[in-house]
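Values in this text are rule-based calculations from the coordinates and carry no lab data. On a predicted model such as this, the values are computed, not experimentally measured, just so you know. Glycine also receives a Cβ, built like all others from the backbone with ideal geometry; neighbour counts cover every protein chain displayed.
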Amino acid sequence: MSTTTALPTYTKKDFESGVDPRWCPGCGDFSIINQVQKLLPSVGVARENIVFISGIGCSSRFPYYMNNYGMHTLHGRAPSFASGLKVSRPELQVWLITGDGDALAIGGNHFIHAMRRNMDIKVMMFNNRIYGLTKGQVSPTSELGKKTKTTPFGSADYPFNPPALALGAGATFVARSVDIEGAHMGEVLKAAADHRGSTYVEIFQNCPVFNDGAYTFMTDKAVKADAQLRMVDGKPLLFGKDLKKGIRFNPQSAELEVVTLGVNGVTEKDVLVHNPRREDPTIAFMLANLSAKPGFPTPIGIFRNVEQPTCDELNWQQINAAKQKKGDVSLRKFLAGSDTWTVK
Amino acid sequence: MSTQTTRPVEQVDSVTIRFVGDSGDGMQLVGTELTKASAQAGNDLATFPDFPAEIRAPAGSLAGVSGYQVHFGGRAVHTPGDAPDVLVAMNPAALKTNLADLRPGGMLIVNSGAFTESNLEKAAYKSNPLDDAALKKSYRVVSVDMNKLTETALTGSGLSSKEVARCKNYFALGMMYWLYGRPVDMQVESIQKKFAKKPELAKANVTVFKAGHAFGETCELFTGQYMVPAAKLKPGLYRNVTGNGAAALGIAAVAKLSGKQCFLGSYPITPATEILQDASYFKDMGVVTYQAEDEIAGVGSAIGASFGGAIAWTTTSGPGLALKSEMIGLAVITELPLVIINVQRGGPSTGMPTKTEQADLLFALFGRHGEAPLPVIAADSPGDCFYTAIEAARTAVKYMTPVLMLTDGFIGFGSEPFRVPEDGELKPIEVTYQTKPNHDGNTYMPYKRDAKLVRPWAVPGTPGLEHRVGGLEKDSLSGMVSYDGMNHEKMVKTRAQKVANIVADVPDAEVTGNQTGDLLLVSWGGTKGSVDGATERLLAEGKKVGHVHLRWLNPLPKNLGAVLKGFKKVLVPEVNDGQLAFYLRAKFPGVDPLQFNRINGKALKISELSAKALEILG
């Protein structure tokens, strides 16, 4: 059960279980699993030390298709299994596959606690803004007013902004990518694999059957340049055709605003430089909320990536310290405790 | 000063003492101190604390009364005692809520100083009950102004009046030490240890304790002292344990006996919380604890750890067990080992959190959706929680199944002397992980079973055995998802048969008393002590009775049907509305047990049960 010193050279195929995925034709999940299987040979962890845990929903069939250890658990509860496994076996790399209904509706409680604990688990949330497996009901990320089978007159409730929720819950790694942006997703997942601590990656995933075109507002070629903001560590937050638009922090209003280079004397120096390594998550939170504002682009990339001692690590520091302090105590001595008497 | 020699020392078989007062009066403390002293004197004993669900109800109120009962004796002590022989009441509310339990003619020691107009009003007394002549007729009343005597003893101590007032429990304890001849020095040491960081309080409490002792000796209120001889206990090293404490020790013992990590994922809930608390200190013994965000996550984390190869536990009480139900079904279908300890309390819903009940039996046996049988075992006394935990874990890993262990608030909070097992007395627990392929073509089939129908346990980190498990029905060999109806039927039957096979490890039911006869008493769980006590009485009266106690509820011992049929009548005493009786009727058609049910949040009284049995016997 120890990590071998010399890892075998893996290929993508080593991570395919041989079971044909049962997702609908054209489902965004195919592209995601493809990226994960391409990534894993390079993460430097033995195949047997990687575990995929999922809840319930279309996305949660994922572990069956991976040739790793895997657990398909209960609706919404995957973070509890992943957390228990990670605390028990900190040497394992634990991935958690979930969807918007699984993670944010029935599993909202477990999700926020996994994030705030900085448990070293990697959550990939496939966000298709709909209940797919139950065939088309409103989800916690469906837009206000959305017509679904259970909201025939339009949804009357406001959606979660998932990265903002993850940031608010204290996640130390928060990112977003898009199913059809394979190369981008690959980079984000690599960074997620390298991060130690609570890791949250939202993936905009198109459901071609029940919510087709949910992300065309930012993936269509015609609008993509103005609608997507690609956040790159150390680079100014520029977007638009020829990267002429930027995001500026307005110190008067304490808000983010869209500016155009060359207009009103704006230069690249006025534009906010992306820094996901800020301890303080405030700017990351502001960026996460951009997508909700009309006239603003939707950010993709890494919002936050900071290192903090992880929950599993802190637990084992205590366990190891206790073992070192007390040594090997015999069971009888342990059971006797400090207050005994003898009966003859 | 009159001398102690002028008063007689009377030997008594056993005595039950109850201390009652405000939640903040330190009744639990003096109760446990007297318990320790009695244990050291060689008495067998059993205790039970009785406290309100509210942490600190208003001082002097009826809701805020907290109590501690200890029963010690020179013979085997089965329960904390039916009715106190001595009631120590620190205020009017305590008197009002407990007086009815004191046995007729019993001794009532009251802190008369607390019987002020305002306290009487809080206890809804129209007049001072201590002035009631009827009280003195029914009981031996010893009225002592402990408030005043404590104040006097601490004159000049420099303590605030609040601090002084908090010492009076030691005055009561001092009197009891004199009354039952307990050594003063040991208690003085104990106080000094307890208050080591606050020497001024240590000094004050010692002073008050000694004052109480001297008061007992000098005042003429007591007619004599009592001596309870040492009991015949099995020789060995002893300590005191509560049921919850013993369960936690059991978890640590399992880690040591198996050489594997024990992982406890849990969530605080009365009356089970102490197991998680105690186990949190056992890190050096190989116990990993995890306080989850809720009951569901508690058991989920445990199942996750079990998938990883740990011996996994979760602890809870009724409402939590209900929440965990879906998760337990997952452990059943994935066939991962897990021990669920359910410390039963009064239900349904929030019910009576601090009061005992045995009403989760049918829920434990059947409370999951789908066909989801699992082994159920129940502890019968505080110390037995230790052995039951070990047996539950042994079964879980041997048969790759969740095991439900039942205890209850009565034995969870109750305490008794516990003989520390000798080195080597406890058998090691064998845990074998699958490390090699087990099927043709060098493949691993996670649901390929052995002769006992047990599947292998391959854990992450084992190269070549990567596999997936989950809540969907799985192929009977590969474990891959299967929606084939015939495969499902086969899997349902196989899982049930595997659990049924555990009967091979279930000892035959043993009958105490007559092996056949007029009446068989059948008990399970925490009522064992009461039924033992009642059986002893009935046998002493020459009745043809027997007693069988069920430790395993599923599977039931294989000889149970024959045992039941050996008696003309069967009586099932339970602290519920007849759940074991219902179960036995279903399991053994033709046997129609009579019932004795109390659902009053308390243990069964030996006297009531004996009376019921005598009535049946005619």
*asked:* For a quick check of your reading of the filter: which GluC sites (Glu not before Pro) in the stretch B:52-138 sit in a DSSP loop and have no more than 16 other Cβ atoms within 10 Å?
replied: B:Glu54
*asked:* Rounded to whole Å, give me the distance from the Cα center of the stretch B:383-433 to that of the stretch B:448-503.
replied: 26 Å
*Provide the three semi-axes, in whole Å and in decreasing order, of the ellipsoid equivalent to the stretch A:207-321 as defined by the square roots of 5 times the Cα gyration tensor eigenvalues.*
32, 22, 12
*Going by alpha carbons, how many degrees (0 to 90, nearest 10) lie between the helix axis of B:485-500 and the longest principal axis of chain B?*
40 degrees
*Putting +1 on Lys and Arg Cβ atoms and -1 on Asp and Glu Cβ atoms, find which of B:Leu365, B:Pro337, B:Ser258 reaches farthest to the positive end of the dipole of the stretch B:239-419.*
B:Ser258
_For the stretch A:46-183, take N as its residue count and report Rg(C-alpha) divided by 2.2 N^0.38 Å._
1.06
*asked:* Name the residue from B:Leu237, B:Leu62, B:Thr350 whose Cα lies farthest towards the positive end of the charge dipole of the protein assembly as shown, charges +1 on Cβ of Lys and Arg and -1 on Cβ of Asp and Glu.
replied: B:Leu237
_Approximate spin-label separation B:Thr432-A:Lys13, in nm, with each point projected 7 Å along Cα-to-Cβ_ = 3.5 nm
_Theoretical gain in end-to-end length, B:Gln11 to B:Lys452 [0.36 nm per residue, Cα-Cα removed]_ = 153.1 nm
*Considering Cα pairs under 8 angstrom that are at least six residues apart, work out the relative contact order of chain B and quote it in whole percent.*
11 percent
_With an 8 Å Cα cut-off and a minimum separation of 6 or more residues, compute the relative contact order for the stretch B:239-419 in percent._
29 percent
*If Lys and Arg each add +1 and Asp and Glu each add -1, what is the summed charge of the other residues whose beta carbon sits under 13 Å from the beta carbon of B:Ile109?*
+1
*Rounded to the nearest 0.05, what FRET efficiency do A:Thr151 and A:Asn275 give with R0 = 45 Å and r taken as the Cβ-Cβ distance? Could you check?*
0.70
*What's the center-to-center distance, using Cα atoms, between the stretch B:308-342 and the stretch A:33-84 in Å?*
22 Å
*Can you tell me the 0 to 90 degree angle between the C-alpha axis of helix B:384-399 and the longest principal axis of chain B, rounded to 10?*
10 degrees
*What nm value, rounded to one decimal, do you get for the distance between B:Lys234 and A:Gln318 when each label is placed 7 Å out toward the C-beta?*
3.5 nm
*Please name whichever of B:Pro402, B:Gly461, B:Phe413 sits farthest to the positive end of the charge dipole of the stretch B:388-482, dipole taken about the Cα centre and charges placed at Cβ: Lys and Arg +1, Asp and Glu -1.*
B:Gly461
*asked:* I'd like the FRET efficiency for A:Ala183 and B:Val503, computed as 1/(1 + (r/R0)^6) with the beta carbon distance as r and R0 of 41 Å, rounded to 0.05.
replied: 0.10
_Cα pair count fraction exceeding 24 Å, expressed as % - the stretch B:511-617_ = 14 percent
*asked:* Rounded to the nearest 20 debye, what is the charge dipole size of the protein assembly as shown about its Cα centre when +1 sits on each Lys and Arg Cβ and -1 on each Asp and Glu Cβ?
replied: 720 debye
*Translational D (Stokes-Einstein, µm²/s) of the stretch A:186-255 at 4 °C and 1.567 mPa s when Rh comes from the Kirkwood sum over C-alpha pairs?*
87 µm²/s
*What is the stretch B:511-617's relative contact order, in percent, from Cα pairs under 8 angstrom and six or more apart in sequence?*
32 percent
*In peptide B:328-335, how many Cβ atoms from other protein chains are near each Cβ within 10 Å, on average?*
1
_Computed [θ] at 222 nm, deg cm²/dmol, the protein assembly as shown (DSSP H ≥ 4; -39,500 (n - 2.57); rounded to nearest 500)_ = -9500 deg cm²/dmol
*Please report, in debye to the nearest 20, how large the charge dipole of chain B is about its Cα centre when each Lys and Arg carries +1 at its beta carbon and each Asp and Glu carries -1 there.*
540 debye
*In µm²/s, what is D for the stretch B:239-419 at 10 °C and 1.306 mPa s, where D = kT/(6 pi eta Rh) by Stokes-Einstein and Rh is the Kirkwood radius from Cα pairs?*
103 µm²/s
*asked:* Given axes a ≥ b ≥ c from the Cα gyration tensor, I'd like to know whether the stretch A:105-228 is rounded (a/c under 1.5), prolate (a/b larger than b/c) or oblate.
replied: oblate
*Degrees between helix B:184-194 axis and first principal axis of chain B (Cα, 0 to 90, nearest 10)*: 60 degrees
_Relative intensity, log₁₀ I(q)/I(0), of chain B from a Debye sum that treats every alpha carbon as a point, q = 0.11, 0.12 Å⁻¹_ = -1.07, -1.22
*Gain upon complete extension [A:Asp242, A:Ala6; 0.36 nm per residue less C-alpha separation]*: 80.4 nm
_Label-point gap, in nm, between B:Glu615 and A:Lys325 - each point 7 angstrom along Cα→Cβ_ = 5.7 nm
_Translational D in µm²/s for the stretch B:4-227 (Stokes-Einstein at 37 °C, 0.692 mPa s, Kirkwood Rh from C-alpha pairs)_ = 187 µm²/s
*Across the Cα atoms of the stretch B:345-492, what radius of gyration and what greatest pairwise Cα-Cα distance (Dmax) are found, in Å?*
19.7, 58
*Just need log10 I(q)/I(0) for the protein assembly as shown at q = 0.06, 0.09 Å⁻¹, Debye formula, equal scatterers on the alpha-carbon atoms, no solvent, rounded to two decimals.*
-0.54, -1.01
*Using a Förster distance of 51 Å, how high is the FRET efficiency between B:Ser138 and B:Gln277, based on the Cβ-Cβ distance and rounded to 0.05?*
0.75
*Are there GluC sites (Glu not before Pro) in the stretch B:213-280 that DSSP marks as loop and that have at most 16 other Cβ atoms within 10 Å, and which are they?*
B:Glu220
_Applying a 10 Å radius around every beta-carbon, put B:537-544, B:163-170 in order of their mean neighbour count, most first._
B:163-170, B:537-544
*Output the direction-averaged projected area (hull surface divided by four) of the convex hull of the alpha-carbon atoms of chain A, in nm².*
24.4 nm²
_For a quick size check, give me the Cα extents of the stretch B:176-234 along its three principal axes, largest first, whole Å._
39, 36, 11
